[in-house]
1. State which residue is surrounded by the most Cβ atoms within 10 Å (Cβ to Cβ) when the search covers only the stretch 303-325 and only residues that are over 52 Å from the mean Cα position of the chain (by Cα) and of a type in the set (Gly, Ala, Ser).
2. Output the number of the condition that residue 176 fails; it satisfies all remaining conditions of (1) part of a helix (DSSP H, G or I); (2) crowded, with 16+ Cβ neighbours inside 10 Å.
3. Quick check on my filter: what residues within the stretch 114-144 are in a helix (DSSP H, G or I) and either small (Gly, Ala, Ser) or touching a Ser or Thr at 6+ places or on another chain (Cβ under 6 Å) (or both)?
4. Looking at 236, 244 in this structure, which one is touching a residue at least 60 places away in the same chain (Cβ under 8 Å), assigned to a helix (DSSP H, G or I) and in contact with a Ser or Thr (Cβ under 9 Å, 6 or more places away or on another chain)?
5. Looking only at the stretch 294-324, how many residues end up being under 30 Å from residue 346 (Cβ atoms) and in contact with a Phe, Trp or Tyr (Cβ under 7 Å, 6 or more places away or on another chain)?
6. Can you name the condition, by its number, that residue 338 falls short on among (1) in contact (Cβ under 8 Å) with a residue 40 or more places away in the chain; (2) surrounded by 16 or more Cβ atoms within 10 Å (Cβ to Cβ); (3) aliphatic (A, V, I, L, M)?
Amino acid sequence: MKYCINCGVQIPKEAKFCSICGGIQEVAKYSTTNTQPKDEKRESFSAKLTNKISNKKVKYPLIAILALCLAGATTYFSMMYFQNSDYVSRAEKTLLQMKTADDEVSVAIDTAIAKRKLVEAQSVVTKKFDEVKKVEENLSSKQPGDSYVEQNDFIIKALKNEEDMLTNIGLLVANPLGSQADDIISKIKTCQDVKDSLFDKITLNEKKQPFSGDLRKSVSSLIVYVNEQRKINKEKLITVAANKEYFAKMDGIIQRYESAKKDLGSMFDQIYSGAGYTWNDLYNASSGAGSMRSAIRYEVSELSPPKGAEEMRQQFVDLLSDAVMYCEMMETVGRFGMNNNFDMARQHRAEASSFSDKLQVKYADFKNNYETVKQKLTNVDALPN
């Protein structure tokens, strides 16, 4: 046996290389004695061996740490990928819901305009507002991936803007002729411009998101229709003011007619009962009542009736002509009485009484018709377009 000249470990005598350190062995340098190598050489070997073992202990934990870091990074980027992918899908669905809401509101507005009943669109507008509000709240409650924080902010702003626009459209269709119509129309136009600006900024998967569900066309039609209705309404207000003036005069005339009526039949009865009236009193009262009714008839005939009141005016003129005729009949009764022709007086009185009953029925019909026409022609909403 011999010892390695390099590390001092015992090796076979014929070995040319140390099996431990790999050092080349020269014959001259080997010692055939059983003398142990110096301590410092053995210590040198121990130190080297310890260093090798220590290096191995350090090497494997570093590899483990690097592997963990790699796995963590892979997991993080995978999570980010799926988070972003999930967000893009959710955002695209949100934009589709907004487009659908716009399309349905657009159809409702166009239908309401065609039917000239804007209020019928209100229920659809309210329903779509509620749906968009719910979508906005749902999107706001979830965090987007880091890559889409800004885009998410744009989409939420677009949803809030949509809510504002639907709110104002609802107000306009509910009361297109209201005093706030101009302000509401201005807000709707602003919302449209804001929508265009926001959708120019929205990008998903590096693609712009064109918003084909724009309400602009239908809203433009709505604004045109509302302005037309407001112009018509302005003309109606002028018409209503003129109509009210006409009916105020008619009210005065009717009041004078009713105040001037005398119960000529009662006067006739009192003459027969000796209550103090004379045949001359009956004649004069009938003549005066007839003149009053003739004057009223002339006044009504001279009044220019508004459109829609022509038949009512003619009905009153005809009624006044019958009233004049009744007065003339009672005037004849008085004349027969003054001439002591009492039988003829009673006969004409009976005829006048029957005529008067028919006259009262006609007057009741006239008053009902008068109130109906007056109500219609002095109400802006009741006037035809």
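1. Once the filter is applied, the top-ranked residue is 323.
2. Evaluating residue 176 over (1) part of a helix (DSSP H, G or I); (2) crowded, with 16+ Cβ neighbours inside 10 Å leaves (1) as the failure.
3. Across the stretch 114-144, the qualifying residues are 114, 121, 123, 135, 139, 140.
4. Being touching a residue at least 60 places away in the same chain (Cβ under 8 Å), assigned to a helix (DSSP H, G or I) and in contact with a Ser or Thr (Cβ under 9 Å, 6 or more places away or on another chain) holds for just one of 236, 244, which is 244.
5. 2
6. The failed condition is (2).
Rule-based calculations on the coordinates, nothing more; no lab input. Because the structure is a prediction, the values reported are computed rather than measured. Quick reminder, even Gly has a Cβ in these numbers, built from the backbone with ideal geometry, and neighbours come from all protein chains shown.
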